[in-house]
Amino acid sequence: MRIRVGGKYQHLVSSAGCACCAPELGAITHAMNKRESGLSRREALAGIAAAAASLGLPASAQTAAPGVSQQARGVLFEDVRIFDGSGSLTPPSSVFVLGDKIRGISRGPTAAPADVALTRINGGGRTLMPGLIDAHVHVMFEALPQVAILTGDISYITVAALRTANDMLMRGYTSVRDLGGPVLGVKRGIDQGLAPGPRIWPSGAFISQTGGHGDFRLPNDMPAAPGSFTFSERVGAAAIADSPDLVRQRAREQLALGASQLKLMAGGGVSSHYDPLDVTQYTVPELRAAVEAAENWGTYVTVHAYTPRAVRQSIEAGVRCIDHGQLLDEATVVLMNEKGVWWSLQPFTEDGPSAFAEGSPNRLKQIEMNRGAETAYALAKKFGMRIAWGTDILFDPKAAARRPRDLMKMTRWYTPVEILRMATTDNAALLALSGPRNPYPGKVGVVEQDALADLLLVDGDPIRDIDLLGRPESSLKVIMKGGAIVKNTLA
């Protein structure tokens, strides 16, 4: 079979500026076709790589030629004090990064291998810590108002989401767990180096019953005709499913598309319009259908739920993580602890502006939910629950800009060391619950040998002054993700 690149549509474009008809792509075509004519694989790939480089394609899009040696590139952090999860920073240390992983940690100065093209960063006694992790985000739904997302073109929404992803990374968040939305394409683009952003553990579309927290259809969209799908369903934002069989199908679809875990709506919500907070959504057989689908793929289900009844039903079905739970009672928290269920809890409080109009049904639900935060965190501490930290920002660009301050809210209930562990090591343990569906093999949330090199160099000691992380623009001197430096104000 002969392969051709760029020639078929040459008559449709002008001769200037169109890379698809460039001579370099013709060279790629020639090299690939020569492969069919007996040219060795190594020679063909070398030709392709050279032509791609001349076009200025990003390295991630170029084909590397086997056997063509390139000098390895590394980064050496010197004179840094490491946050390793303990109550104090380490003595001055050196951390050597090669490729996308940490390959060496030593006390004091260290020598890098001679065959590495090395970038040295003198930390000057600053703190080196793991990149932060937000365990509950909606990358596609943060930066625009709800009406814009429900009525806007998906390409416009995606552009806004790319801005959100970049902002997350530049605020020190190198990994996030996305709990609902059409984020799979954004994740792919970030992973391929086409746009900056954090690592994303995607859930795909959130799965909701009719009238549930994930049902954003208009009233005149119901009753829905069999086989009809609204905008949010067509773009992969939501999946409306009623019955165990349909839940199972929608769950399998998300897994097939690349979900690392599944998200179901098991109770009422604040931002949705049909459901009061107290309602319980889905039945045990419906929830169990999703759990079985996830378990067959080696991963898990998390649910949106606030109330004891919604959480107990979810636990009975085999759900392994509860997101929210601000209205739980002590008996239900004890049950969660006995079953080893994760509690992904957000510091929702009444000390900031609301995206909802005062007196509106959504605002009244929000007030009720926010008032439960104090009790929820008290119960979590009392029973030593496995707590994850996240923000769950929706439809509010101003709130997205306050993400760093949301971490500071946790000082109401936890010490700085506990907060730092929660936003790094603990959240990383929740990400690892996705097992073989983990899209990024390797450890995150730690600074240790062979861990993924997602690192922050902080101008100060966040154990003594955790507010440093609330000022990322000035406090984060270096941000590294996967061994690549994305910010360096010390250069």
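The values are calculated or read from the model by the stated rules, or taken from the named source; none is laboratory data. In this text the structure is predicted, and so the values were computed from the model without any measurement. All Cβ positions, even for glycine, are placed from backbone atoms using ideal geometry, and neighbour counts span all protein chains on display.
Within the stretch 337-350, does at least one residue satisfy the condition of being acidic (Asp, Glu) and under 17 Å from MET265 (Cβ atoms)? Looking through the stretch 337-350, none of the residues is acidic (Asp, Glu) and under 17 Å from MET265 (Cβ atoms).
The number of residues in the stretch 293-343 that are among the acidic types (Asp, Glu), in contact with a helix residue (DSSP H, G or I) (Cβ under 7 Å, 6 or more places away or on another chain) and outside any loop (DSSP other than H, G, I, E, B) comes to 2. Pairing each residue of the stretch 238-256 that is in a helix (DSSP H, G or I) with any residue that is aromatic (Phe, Trp, Tyr) and surrounded by fewer than 24 Cβ atoms within 10 Å (Cβ to Cβ), provided the two are 6+ apart or on different chains, yields C-beta distances under 8 Å for LEU255/TRP297. Among the residues of the stretch 215-223, at least one is modelled with pLDDT under 95, assigned to a loop (DSSP other than H, G, I, E, B) and farther than 20 Å from ILE154 by Cβ. Can you find even one residue in the stretch 263-285 that is in a loop (DSSP other than H, G, I, E, B) and closer than 24 Å to ARG163 by Cα? Among the residues of the stretch 263-285, at least one is in a loop (DSSP other than H, G, I, E, B) and closer than 24 Å to ARG163 by Cα, which makes the answer yes.
Of these, SER232, SER228, which one is modelled with pLDDT under 95 and outside any loop (DSSP other than H, G, I, E, B)? One residue alone meets the criteria, SER232.
Yes/no matrix, rows are residues, columns are (1) within 26 Å of the chain's Cα centre (by Cα); (2) touching a residue at least 12 places away in the same chain (Cβ under 8 Å); (3) farther than 30 Å from ARG163 by Cβ:
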position: GLY352; (1), (2), (3): yes, yes, no
position: GLY359; (1), (2), (3): no, no, yes
position: ARG363; (1), (2), (3): no, no, no
position: ARG371; (1), (2), (3): no, yes, yes
position: MET385; (1), (2), (3): yes, yes, yes
position: GLY390; (1), (2), (3): yes, yes, no
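Residues are listed down the side, and each one gets a yes or a no for (1) touching a strand residue (DSSP E or B) at 6+ places or on another chain (Cβ under 7 Å); (2) within 30 Å of ARG217 (Cβ to Cβ); (3) touching a residue at least 40 places away in the same chain (Cβ under 8 Å):
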residue: ASP84; (1), (2), (3): no, no, yes
residue: LEU89; (1), (2), (3): yes, no, yes
residue: SER93; (1), (2), (3): yes, no, no
residue: LEU98; (1), (2), (3): yes, no, yes
residue: ARG103; (1), (2), (3): yes, no, yes
residue: SER106; (1), (2), (3): yes, no, no
residue: THR110; (1), (2), (3): yes, no, no
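Of the residues ASP392, ASP396, only one is under 23 Å from ALA148 (Cβ atoms) and in contact with a His (Cβ under 6 Å, 6 or more places away or on another chain); which? ASP392 is the lone residue from the list that is under 23 Å from ALA148 (Cβ atoms) and in contact with a His (Cβ under 6 Å, 6 or more places away or on another chain).
Put simply, of GLY359, GLY352 the only residue that is surrounded by 13 or more Cβ atoms within 10 Å (Cβ to Cβ) and not in a helix (DSSP H, G or I) is GLY352.
Return a yes/no flag: does the stretch 182-199 have any residue that is touching a residue at least 24 places away in the same chain (Cβ under 8 Å), within 16 Å of SER232 (Cβ to Cβ), within 13 Å of the chain's Cα centre (by Cα) and in a loop (DSSP other than H, G, I, E, B). Yes, that holds for at least one residue.
Checked across the stretch 458-466, the condition of being among the charged types (D, E, K, R), modelled with pLDDT of 95 or more, closer than 27 Å to GLY298 by Cα and assigned to a loop (DSSP other than H, G, I, E, B) holds for no residue. Within the stretch 234-247, the set of residues being buried (at least 18 other Cβ atoms within 10 Å of the Cβ) and either over 21 Å from the mean Cα position of the chain (by Cα) or among the aromatic types (Phe, Trp, Tyr) (or both) comprises ILE240, ALA241, PRO244, VAL247. The set of residues from the stretch 77-97 being under 21 Å from GLY482 (Cβ atoms) and touching a Pro at 6+ places or on another chain (Cβ under 8 Å) comprises GLU78, VAL80, PHE83, SER94. Residue under question is MET140, and the condition is that it be buried (at least 23 other Cβ atoms within 10 Å of the Cβ) and outside any strand (DSSP E or B); does it hold? Against the criterion (buried (at least 23 other Cβ atoms within 10 Å of the Cβ) and outside any strand (DSSP E or B)), MET140 qualifies.
The rows are residues; the columns are (1) at pLDDT below 95; (2) in contact with a Lys or Arg (Cβ under 9 Å, 6 or more places away or on another chain); (3) not hydroxyl-bearing (Ser, Thr, Tyr).
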position	(1), (2), (3)
ALA251	no, no, yes
ALA256	no, no, yes
GLY269	yes, yes, yes
PRO276	yes, yes, yes
THR280	no, yes, no
GLN313	no, no, yes
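Only one of the listed residues (THR174, THR158, THR119, THR90) is β-branched (Val, Ile, Thr), touching a Gly at 6+ places or on another chain (Cβ under 9 Å) and not in a strand (DSSP E or B). That residue is THR158.
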